[in-house]
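The values are calculated or read from the model by the stated rules, or taken from the named source; none is laboratory data. Remember, it's a predicted structure, so these values are computed and weren't measured experimentally. Every residue, glycine among them, receives a Cβ derived from its backbone with ideal geometry; neighbour counts consider all protein chains shown.
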Amino acid sequence: MRVQMYDLETERAADEIRRLNAKRVLVQLPDGLRPGGLTLAKELRELTGSEVILSGDSCYGACDLALTQADAVGADLIIHYGHSPMLQAPGTPVLYIEARVDFDAEALIAQAQPHVKDWATIGLTATVQHIHKLEEVAESLRKAGHDAIIGTAGGRVVHDGQVLGCDYTSAQNIKDSVDGYLYIGAGVFHPIGLSIATGRPVVKANPYTMTAEPLDDREVTRTAMKRMAAIEAAKGATRFAVIVSLKPGQLQLEAALAIQRRLEKAGKEATVIVLDEVGPIQLGNFTEAEAFVETACPRIALDGIADIHKPILTPTEALVALGEMRWEELWGRNYFSVSHDHIVYNEEM
């Protein structure tokens with residue numbers, strides 16, 4: 001089955017349901033796939049005879065598995081769509097289906113070529129929906145006279161060349177060997193993250209619209225200025241709330257407690273707050289907090305939260321605010337790669 005170009009691999013899903021003899025299945029869909037959710041559930045029911053339940057809660061990434069919901073409804077299997085494998089928690093089995101999208105690689109490269117013509121060596125990156133086309137894209141670039149490199153997987157990514165909002169390891173692995181990156185995917189968040197993490201220019205190639213354009217440097221500059229402003233504002237705060245997410249792949253309690261201790265050592269008041277959903281209503285009710293440090297997904301801080309007009313920092317930004325790291329150590333170098341283990345185990349007690 002395909003919904004808006006996405007391959008939902010219903011036969012593979014049905015095979016796994018039958019293999020596990022799963023009587024009740026919980027299906028997780030990101031927002032972009034939910035318009036076809038009822039049709040998908042009907043097809044899986046018809047193929048397997050199993051009960052199929054759709055999760056209506058968030059599905060932000062592979063880190064956001066509906067384990068609690070699956071346990072509550074007695075599901076025998078979770079089918080998680082739109083993301084690559086990250087977690088296999090104890091309990092309910094999980095089948096990840098990446099919902100891949102095909103496109104004409106040569107036609108897309110023809111659109112990108114004017115923007116990369118001066119680059120001898122190009123790094124290739126993509127979101128998981130398009131990762132299977134990277135070798136074909138690389139071959140098209142080589143035919144056009146470029147050297148094309150796909151970085152090896154590492155960190156939280158499982159495919160060579162793949163990028164996540166929280167992990168650009170595959171791109172960072174090759175940053176010293178490329179003149180710039182060609183990003184295959186939609187939107188601007190990942191290209192900005194790619195630029196932040198590597199310090200290299202980025203061209204965005206959108207396989208849905210079959211268009212390509214350079215990432216506007218002003219977008220990156222605006223992001224840098226916003227982050228620096230948040231850090232500066234947080235330096236003057238005396239009462240902090242340190243946010244912990246209960247989403248399985250985002251739960252970083254030890255890092256949050258370590259940040260709390262560092263803030264307190266610096267003379268700040270800090271309280272840890274545990275949330276499943278980090279949003280404006282949840283944070284807005286804690287009016288005493290003058291600044292937040294969120295240990296969940298870096299995208300929460302970088303994108304900001306509507307109606308929250310107080311600084312929201314990532315853990316590494318909090319280290320900059322406390323004077324334990326320099327801004328220059330993060331931006332264009334390892335903004336996304338300083339691990340929570342670094343925060344926990346390298347704190348000065």
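In the stretch 204-217, the condition of being among the basic types (Lys, Arg) and at pLDDT 95 or above is met by at least one residue.
Picking from Leu313, Leu283, Leu263, which residue would you name as being more than 26 Å from Gly187 (Cβ to Cβ), surrounded by 22 or more Cβ atoms within 10 Å (Cβ to Cβ) and either not assigned by TED's automatic domain parsing to the domain that holds Trp331 or not basic (Lys, Arg) (or both)?
Leu263
Here Arg239, Arg218, Arg262, Arg222 are screened, and the one residue that is in contact (Cβ under 8 Å) with a residue 60 or more places away in the chain, out of contact with any Pro (no Cβ under 8 Å at 6 or more places or on another chain) and not aliphatic (A, V, I, L, M) is Arg262.
Residue count for the stretch 127-163 satisfying the condition of being among the hydrophobic types (A, V, I, L, M, F, W, C), under 23 Å from the mean Cα position of the chain (by Cα), surrounded by fewer than 23 Cβ atoms within 10 Å (Cβ to Cβ) and modelled with pLDDT under 95: 2. Within the stretch 5-23, the residues that satisfy the criterion of being surrounded by 15 or more Cβ atoms within 10 Å (Cβ to Cβ) and of a type outside the set (A, V, I, L, M, F, W, C) are Tyr6, Asp7, Glu9, Thr10, Glu16. Condition check for Ala255 on (1) at pLDDT below 95; (2) part of a loop (DSSP other than H, G, I, E, B): one failure, at (2).
Are any residues in the stretch 90-126 among the small types (Gly, Ala, Ser), under 25 Å from the mean Cα position of the chain (by Cα) and part of a helix (DSSP H, G or I), and if so, which ones? Full working, then the answer.
Residues of the stretch 90-126 among the small types (Gly, Ala, Ser): 91, 99, 105, 107, 110, 112, 120, 123, 126.
With the extra rule that they be under 25 Å from the mean Cα position of the chain (by Cα), the set shrinks to 91, 99, 105, 112, 123, 126.
Scanning the stretch 90-126 gives Ala105, Ala112.
Within the stretch 217-244, count every residue that is outside any helix (DSSP H, G or I) and either surrounded by 15 or more Cβ atoms within 10 Å (Cβ to Cβ) or not assigned by TED's automatic domain parsing to the domain that holds Leu257 (or both). Here the count works out to 6.
Could you check, for the stretch 56-69, whether at least one of its residues is aliphatic (A, V, I, L, M) and part of a helix (DSSP H, G or I)? Checked the stretch 56-69: at least one residue is aliphatic (A, V, I, L, M) and part of a helix (DSSP H, G or I). I'd like to know if the stretch 305-312 contains one or more residues that are under 22 Å from the mean Cα position of the chain (by Cα) and closer than 18 Å to Asp64 by Cα. The answer is no; no qualifying residue exists.
Residues that are in contact with a strand residue (DSSP E or B) (Cβ under 6 Å, 6 or more places away or on another chain) and of a type in the set (Gly, Ala, Ser) were ranked within the stretch 186-214; the one that is nearest to Ala105 (Cα to Cα) is Ala205. The single condition from (1) part of a loop (DSSP other than H, G, I, E, B); (2) touching a residue at least 12 places away in the same chain (Cβ under 8 Å); (3) more than 21 Å from the chain's Cα centre (by Cα) that Pro85 fails is (3).
Name, by its number, the condition in (1) over 15 Å from Ser245 (Cα atoms); (2) of a type in the set (S, T, N, Q); (3) crowded, with 24+ Cβ neighbours inside 10 Å that does not hold for Thr295. Checking Thr295 against (1) over 15 Å from Ser245 (Cα atoms); (2) of a type in the set (S, T, N, Q); (3) crowded, with 24+ Cβ neighbours inside 10 Å, the one that fails is (1).
When Thr92 is tested against the conditions (1) out of contact with any helix residue (DSSP H, G or I) (no Cβ under 9 Å at 6 or more places or on another chain); (2) over 23 Å from Tyr6 (Cβ atoms), the lone failure is (1). Scanning the stretch 88-114 for residues being within 22 Å of Val244 (Cα to Cα) and either in contact (Cβ under 8 Å) with a residue 24 or more places away in the chain or of a type in the set (S, T, N, Q) (or both) gives a total of 2.
If you go through the stretch 31-55 and pick out every residue that is modelled with pLDDT under 95 and assigned to a loop (DSSP other than H, G, I, E, B), you end up with 0.
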